[in-house]
1. Filter the stretch 187-214 for residues that are outside any helix (DSSP H, G or I) and out of contact with any helix residue (DSSP H, G or I) (no Cβ under 7 Å at 6 or more places or on another chain); which is surrounded by the fewest Cβ atoms within 10 Å (Cβ to Cβ)?
2. How about the stretch 97-146: which of its residues are polar (S, T, N, Q), surrounded by 15 or more Cβ atoms within 10 Å (Cβ to Cβ) and within 27 Å of R162 (Cα to Cα)?
3. Restricting to the stretch 215-228, give me the number of residues that are assigned to a loop (DSSP other than H, G, I, E, B) and within 18 Å of Y102 (Cβ to Cβ).
4. Tell me which residues, restricted to the stretch 225-240, are touching an Asp or Glu at 6+ places or on another chain (Cβ under 7 Å) and buried (at least 20 other Cβ atoms within 10 Å of the Cβ).
5. Given the criterion closer than 25 Å to Q222 by Cα and in contact (Cβ under 8 Å) with a residue 12 or more places away in the chain, identify the matching residue among V94, V75, V59.
6. Identify, please: which residue in the stretch 95-146 is assigned to a loop (DSSP other than H, G, I, E, B) and β-branched (V, I, T) and is, among those, farthest from E10 (Cα to Cα)?
7. Please go through the stretch 217-251 and give me each residue that is touching a residue at least 24 places away in the same chain (Cβ under 8 Å), of a type outside the set (A, V, I, L, M, F, W, C) and on the phi < 0 side of the Ramachandran plot, ordered by number.
8. Out of (1) farther than 28 Å from Q222 by Cβ; (2) in contact (Cβ under 8 Å) with a residue 12 or more places away in the chain; (3) not in a helix (DSSP H, G or I), the odd one out for R162 is which?
Amino acid sequence: MYYLGQSSEELVVKDLTTFNQHELTAFSKNGLLILWNIEGEMVLYIDHVEHRIAANRIVFLTEFHKVTVRSVGLVRLIRFNRSFYCIIDHDEEVGCKGILFYGSAHVPVITVSDEEAVKFQTLWEMLSLEMVSRDNLQQEMLQMMLKRFVILSTRLFKKQYRLPATGKVQLDTIREFNYLVESHFRTKHTVAAYAALLNKSPKSLTNLFALNGQKKPLQIIQDRLLLEARRQLLYTDKIVKEIAYEMGFEDLQTFSRFFSNKEGVSPREYRERKLRHFIKEGKNANTPGVIA
C-alpha cells in the first residue's frame, strides 16, 4: 500500500515475504525505514555486516544505511520520507531522534513482547485501513498512526536499553549528542567540539555518558567515522586519499593510521578483502539489492 501526497509526502505500508522481498530495496529519497519481523529469521547485510533478526524484533534504518536482503519470512515494512513526517521537526512529539534514527553507529533493534505485539498489531491494522481511505483527513490520520507507532517503539527502546538513569534532561543531552555526531562527524572529531555545541565541558559530557552506562563520547565519534569509512570504501569507487579528505582528516596517513588501528588492516586492503568476499558469495555492493 502506497500513499503519495500533493507535496511528495510518501508512506509505504506493506507485508514482505520471500516472493516480494526485493521490494525492500526500493529507493526512497530521505526515507526512514521500520522493519517489523513477524515470523522466521530475517537475514540482512547492513553496511556489509550480517544481521540475523529473530521474530518479534523491530529494526530502524535511515537512508544512509546500505542494506542487502538475504532472506525474510514475514516482515512488515513502514517507509516514510521527511515530507510525510519529519522526526527532527517533531522531536518533541516522538522523542526518537538520536536513538531510533540518526544515532550512533549501531543498528537499533527492539524486542516486542506478546503484550506489546497486540498494541503494534492494532496500529498496523489501523494504518492499513487508513491507507485505502480517500478523504481530506487521510494524511493527518496516517501521520497520527505512524507517530503512535514510533512513540511505542521509543518507549520500548528506552526500557530495553535502560536509558537513562538520571532523567529527561540527561537523556535529551545524550540524544542530542548522538544526533550532532551524525550531523557533523565529517568536520568535528573531538569530544570538546561537541561539548561546546551542547554548552558543556568535555569532562561533564563524558561523565554523563558513564553515569548512564553509555559508550564513551569519543568512542561514539570514532565508531561513526569508522562506519562512514567502511561505507565509502565499499560503496563508492573513490580513492582512499579522497575519502580521507572528505571525512575531515588532515592527510592520508592520519586516516590510514586511524582505520588500521580500528580494523587491523589498511583501508585499501579492507576494500579488496571485502569485495573479494562478496564477489565470491555472488553479492556485489553496486548491484540491485542495496538500499541507497
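The values are calculated or read from the model by the stated rules, or taken from the named source; none is laboratory data. Here the structure is a predicted model, which is why all the values come from computation and not from measurement. Reconstructed Cβ throughout: ideal geometry from the backbone, glycine too, with neighbour counts over all protein chains shown.
1. It comes out as N199.
2. Across the stretch 97-146, the qualifying residue is only S104.
3. Residues that pass the stated criteria total 1.
4. Listed by number, the list holds a single entry, R230.
5. Exactly one of V94, V75, V59 is closer than 25 Å to Q222 by Cα and in contact (Cβ under 8 Å) with a residue 12 or more places away in the chain, namely V59.
6. Result: V112.
7. Listed by number, the residues that qualify are P217, Q222, D223, R224, E228, R230, R231, Y235, E246.
8. For R162, the failing item is (1).
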